[in-house]
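Accompanying notes for the structure given below.
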Amino acid sequence: MCLGIPMQVIEAGPFQSRCRGRNGEAWIDTRLVGPQPPGAWVLTFLDAAREVLAPERAAAIDAALDALERLQSGAPLSPDDLDACFADLAQREPQLPDFLHKDAE
């Protein structure tokens, strides 16, 4: 399984940028998102940026990754803690893909 990790650009280049994230610094391939200015947030998979993120979205993803790390370590999380870490999912109904809707027939 591959997880997307938010990273912030600290040094921009034409095809790669030096970025800082939860696991330290790394050179990230930015060819799929184009050059990004220092301070921009990108979602990275295997040292390649796949999406430019708003700072709030980067923080939400980091909160979810923090919760996963806590759960893996055996640390207890209350339902309120889980809701806070997965706020974008907590009060939302599941969404069916268009092709599964009854009207799609």
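FYI, it's all coordinate maths here, none of it is from the lab. A quick note: this is a predicted structure, and the numbers were derived from the prediction, not measured. Cβ coordinates were reconstructed from backbone atoms using ideal geometry, including for glycine residues, and neighbour counts include every protein chain displayed.
Remarks
- When each of the peptides 66-74, 11-19 is scored by how many other beta carbons lie within 10 Å of its residues on average, the order from highest to lowest is 11-19, 66-74.
- In the range 5-53, Cα pairs under 8 Å separated by at least six residues give a relative contact order of 37 percent.
- The range 17-105, relative contact order [Cα under 8 Å, separation at least 6], %: 16 percent
- When the alpha carbon gyration tensor of the range 36-88 is reduced to an equivalent ellipsoid, the three semi-axes, largest first, read 26, 13, 7 Å.
- When the Cα atoms of the range 5-53 are aligned to their principal axes, the ranges along those axes come out at 23, 18, 17 Å in descending order.
- For the chain, diffusion coefficient by Stokes-Einstein and Kirkwood Rh (Cα), 37 °C, 0.692 mPa s, µm²/s: 212 µm²/s
- By DSSP, the beta bridges lying fully in the range 1-62 are antiparallel in about 95 percent of cases.
- Tilt relative to the chain, helix 55-72 - C-alpha long axis, 0 to 90 degrees, to 10: 70 degrees
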